[in-house]
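Following: one structure in structure tokens, then a few remarks.
The values are calculated or read from the model by the stated rules, or taken from the named source; none is laboratory data. Quick caveat, the model's predicted, so the values are computed rather than measured. Note that we place each Cβ from the backbone using ideal geometry, even for glycine, and neighbour counts take in every protein chain shown.
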Amino acid sequence: MTAETPAEGESAPVLSSPPAADELASEIGLWLSGLESFLTVRSHSLAEENRAKAASRDWAKEFRLTHSTLLLCSRLTFQLGKTLRDREDSADEIDLDFEVESFAQSFEISTDEIHKISQVLKTAILLNEALLRAAPLKFGEWTAWSGFLNEKLKSVKAFDRLVETAEKQGEKFLPEVLQNLLETTPLPLALESDLRLVLPRFGKILKWLSVIERMLKQDEPLKPTLLVFSRIHEQIQEMMNYANNRLLRLSDEDDALFASLDGAAYTASIELRKVYSHELAGLAEIRQAPLVYAKVETAYFLLNDSFQQTLFNFAQLVEPTIEPTQLFPNFQSKIKQTLVLRQNLWQIFQSVQKTEQNPEKIPLENLRRELTDFLNTTLHFLFYKDMETVERFIEEVLVTTDKKDLVPILHRFGAYLETLFGQVNMRAVLVGHPFKGEKG
């Protein structure tokens, strides 16, 4: 089988350095959980909403994504098995023997079980490669393959145990400050019980999102994030179901917990639509790497910022005076950057609009200077998907000398800026920072 091209972003995700045994087990479980969700989704909106199109198009991209993930999981299980064997081989003292045994027991998985899932993964890889050689592949073949692979993986005990390991680690993926507050702050029994049930759900979502963040930062192929996003979709749905069921049992709608749960469920439903029905729809079919990056980056930030803000709202139930930056140190820089971006977008929108209305009276050099400053300073605060469009508009304004030609460009640019300003103004980090500017 030929290697996948980096432009299509379908090669396996890369691990920068060999992790410790517990990190390996968690990483394997995380990707296996994503694979399970991706195989279950089938014609979910991660592909497209149009079932007729889903039935007719080539599903080879999905087969390649499962192939790359199977390769990654196979490498990780090999590393985990080797790590445990090395510990056992070097255990020439009782204490070290106990350490190895303790590790195996903590994950409820043996070296033999790791070997078994490794064999299943290798067999699945060979079958996947054989199917890819038969491309193009239709939806019926994808359905048969996804059902077979899911069943095969779940037939091995290690599968559920590794996924459970990842989820347990994810539940702990909460800011240390918040964990300490839960342990030391006296709370009403009912509130404490609810928080200990709901907060770990946010921890899991943020843990899975952190993998996408790592892949963005390390410039890894990004199409495999679809598997992680698939699992996050299920986690969000589970969180929403829990919140809605709990709301039905809460009689006091003025209660702070009621407001937090209601807000969490409502916000999650909005972000689900924006991310899964728009940003990620049809991502597997996109060939241009910059567009894949733009969509994944936007989807990541929409979800991550939203759930960080929601988690902060719950933290205020424990400590009303807590600040977002105490939970997420980078939150303040996000707020500052987004406030600057919003203000600058509003200013250049006003300038563009005024110049369009009076091109003969307003000096173009002032507008061009303002746009150049924005290009060199604030532009990188935008999502990647918007940067290129804004750059293109600014370049058109800078090179167009005829005012008659410039007016329609400014009109289109102004309309785009107005829409973009509205999108930036809805970012989760700006909750509590209403815009006070007035339309000029």
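Here is a yes/no grid of residues against (1) of a type in the set (Asp, Glu); (2) surrounded by fewer than 22 Cβ atoms within 10 Å (Cβ to Cβ); (3) at pLDDT 90 or above; (4) in a helix (DSSP H, G or I):
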residue	(1), (2), (3), (4)
ALA47	no, no, no, no
ASP58	yes, yes, no, no
PHE78	no, yes, yes, yes
ASP95	yes, yes, no, yes
SER102	no, yes, no, yes
ILE109	no, no, no, no
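Taking the residues in the stretch 264-273 that are of a type outside the set (S, T, N, Q) and buried (at least 16 other Cβ atoms within 10 Å of the Cβ) as candidates, determine which candidate is farthest from GLU319 (Cα to Cα).
Pass one, the stretch 264-273, residues of a type outside the set (S, T, N, Q): 264-266, 268, 270-273.
With buried (at least 16 other Cβ atoms within 10 Å of the Cβ) added as a condition, the list becomes 264-265, 268, 271-272.
Working: ALA264: 18, ALA265: 22, ALA268: 23, GLU271: 26, LEU272: 29 Å.
Restricting to residues being of a type outside the set (S, T, N, Q) and buried (at least 16 other Cβ atoms within 10 Å of the Cβ), the top hit is LEU272.
Could you list, in sequence order, all residues of the stretch 111-130 that are surrounded by fewer than 19 Cβ atoms within 10 Å (Cβ to Cβ) and touching a residue at least 60 places away in the same chain (Cβ under 8 Å)?
Scanning the stretch 111-130 gives a single hit, GLU129.
Looking at (1) part of a helix (DSSP H, G or I); (2) in contact with a helix residue (DSSP H, G or I) (Cβ under 7 Å, 6 or more places away or on another chain); (3) among the basic types (Lys, Arg), find the lone condition where ARG273 falls short.
(2)
So in the stretch 277-316, with the set limited to residues that are small (Gly, Ala, Ser) and within 12 Å of the chain's Cα centre (by Cα), which one is modelled with the lowest pLDDT?
Just the residues of the stretch 277-316 that are small (Gly, Ala, Ser), to begin with: 277, 281-282, 284, 289, 294, 299, 306, 315.
From the residues that got through so far, the ones that are within 12 Å of the chain's Cα centre (by Cα) too are 299, 306.
Working: ALA299: 94, SER306: 91.
It comes out as SER306.
Mind checking whether some residue in the stretch 12-21 is at pLDDT below 90, among the hydroxyl-bearing types (Ser, Thr, Tyr) and under 25 Å from GLU141 (Cα atoms)?
Pass one, the stretch 12-21, residues at pLDDT below 90: 12-21.
So of that shortlist, the ones also among the hydroxyl-bearing types (Ser, Thr, Tyr) come out as 16-17.
Then drop every residue that is not under 25 Å from GLU141 (Cα atoms), which leaves none.
There is no residue in the stretch 12-21 that is at pLDDT below 90, among the hydroxyl-bearing types (Ser, Thr, Tyr) and under 25 Å from GLU141 (Cα atoms).
Conditions tested, residue by residue: (1) within 30 Å of ASP252 (Cβ to Cβ); (2) part of a loop (DSSP other than H, G, I, E, B).
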position: LEU153; (1), (2): no, no
position: PHE173; (1), (2): no, yes
position: ASN180; (1), (2): yes, no
position: GLU183; (1), (2): yes, no
position: ASP194; (1), (2): yes, no
position: TRP208; (1), (2): no, no
position: ASP219; (1), (2): no, yes
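Any residue at all in the stretch 247-262 that is more than 21 Å from PHE328 (Cα to Cα), touching a residue at least 24 places away in the same chain (Cβ under 8 Å) and either surrounded by fewer than 22 Cβ atoms within 10 Å (Cβ to Cβ) or assigned by TED's automatic domain parsing to the domain that holds SER68 (or both)? Before you say what the answer is, go through the steps one by one.
Going through the stretch 247-262, the residues more than 21 Å from PHE328 (Cα to Cα) turn out to be 247-259, 262.
Applying the additional criterion that residues be touching a residue at least 24 places away in the same chain (Cβ under 8 Å) yields 256-257.
Filter again for either surrounded by fewer than 22 Cβ atoms within 10 Å (Cβ to Cβ) or assigned by TED's automatic domain parsing to the domain that holds SER68 (or both), leaving 256-257.
The answer is yes, given that some residue of the stretch 247-262 is more than 21 Å from PHE328 (Cα to Cα), touching a residue at least 24 places away in the same chain (Cβ under 8 Å) and either surrounded by fewer than 22 Cβ atoms within 10 Å (Cβ to Cβ) or assigned by TED's automatic domain parsing to the domain that holds SER68 (or both).
For the structure I just gave you, tell me whether THR310 is within 30 Å of GLU220 (Cα to Cα), in contact (Cβ under 8 Å) with a residue 24 or more places away in the chain and touching a Lys or Arg at 6+ places or on another chain (Cβ under 7 Å). Explain how you work it out, then say what you get.
Details: within 30 Å of GLU220 (Cα to Cα): yes; in contact (Cβ under 8 Å) with a residue 24 or more places away in the chain: yes; touching a Lys or Arg at 6+ places or on another chain (Cβ under 7 Å): no.
No, not satisfied.
Residues are listed down the side, and each one gets a yes or a no for (1) part of a helix (DSSP H, G or I); (2) farther than 16 Å from SER37 by Cβ; (3) aliphatic (A, V, I, L, M):
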position	(1), (2), (3)
LYS223	no, no, no
LEU226	yes, no, yes
GLU234	yes, no, no
ASP252	no, yes, no
SER260	yes, yes, no
ALA265	yes, yes, yes
VAL292	yes, yes, yes
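Residue check: is ARG412 modelled with pLDDT of 90 or more, among the charged types (D, E, K, R) and within 30 Å of VAL296 (Cβ to Cβ)? Lay out the reasoning, then the answer.
Details: modelled with pLDDT of 90 or more: yes; among the charged types (D, E, K, R): yes; within 30 Å of VAL296 (Cβ to Cβ): yes.
So ARG412 passes the test.
Does PHE139 qualify as being touching a residue at least 12 places away in the same chain (Cβ under 8 Å) and within 25 Å of the chain's Cα centre (by Cα)? Talk me through it step by step, then tell me what you get.
Working: touching a residue at least 12 places away in the same chain (Cβ under 8 Å): yes; within 25 Å of the chain's Cα centre (by Cα): no.
For PHE139, the condition - touching a residue at least 12 places away in the same chain (Cβ under 8 Å) and within 25 Å of the chain's Cα centre (by Cα) - is not met.
Could you please find all residues in the stretch 133-151 being surrounded by 15 or more Cβ atoms within 10 Å (Cβ to Cβ), of a type outside the set (Ser, Thr, Tyr) and either in a helix (DSSP H, G or I) or outside the structural domain of HIS67 (by TED's automatic domain parsing) (or both)?
PHE139, GLU141, TRP142, TRP145, LEU149, ASN150, listed by residue number.
Give me the helices (runs of 4 or more DSSP H) completely within the stretch 323-440, filtered to those with at least 1 residues that are of a type in the set (D, E, K, R), ordered by residue number. Even if it seems obvious, please write down each step before you answer.
On the way: elements: 324-327, 331-357, 364-376, 384-399, 403-425.
Because the criterion is at least 1 residues that are of a type in the set (D, E, K, R), the helices (runs of 4 or more DSSP H) in the stretch 323-440 that meet it are 331-357, 364-376, 384-399, 403-425.
Take the stretch 367-389 and flag every residue that is under 23 Å from THR401 (Cα atoms), touching a helix residue (DSSP H, G or I) at 6+ places or on another chain (Cβ under 6 Å) and either charged (D, E, K, R) or touching a residue at least 60 places away in the same chain (Cβ under 8 Å) (or both).
Answer for the stretch 367-389, where residues must be under 23 Å from THR401 (Cα atoms), touching a helix residue (DSSP H, G or I) at 6+ places or on another chain (Cβ under 6 Å) and either charged (D, E, K, R) or touching a residue at least 60 places away in the same chain (Cβ under 8 Å) (or both): ARG368, GLU370.
Residues being more than 15 Å from LEU261 (Cβ to Cβ) and in contact (Cβ under 8 Å) with a residue 40 or more places away in the chain: count how many of those fall in the stretch 174-201.
Adding up the residues that qualify gives 8.
Name the pairs: first residue in the stretch 319-332 and surrounded by 13 or more Cβ atoms within 10 Å (Cβ to Cβ), second residue in a loop (DSSP other than H, G, I, E, B), Cβ to Cβ under 6 Å, at least 6 apart or on different chains?
Note: pairs meeting the criteria are LEU327/PRO175.
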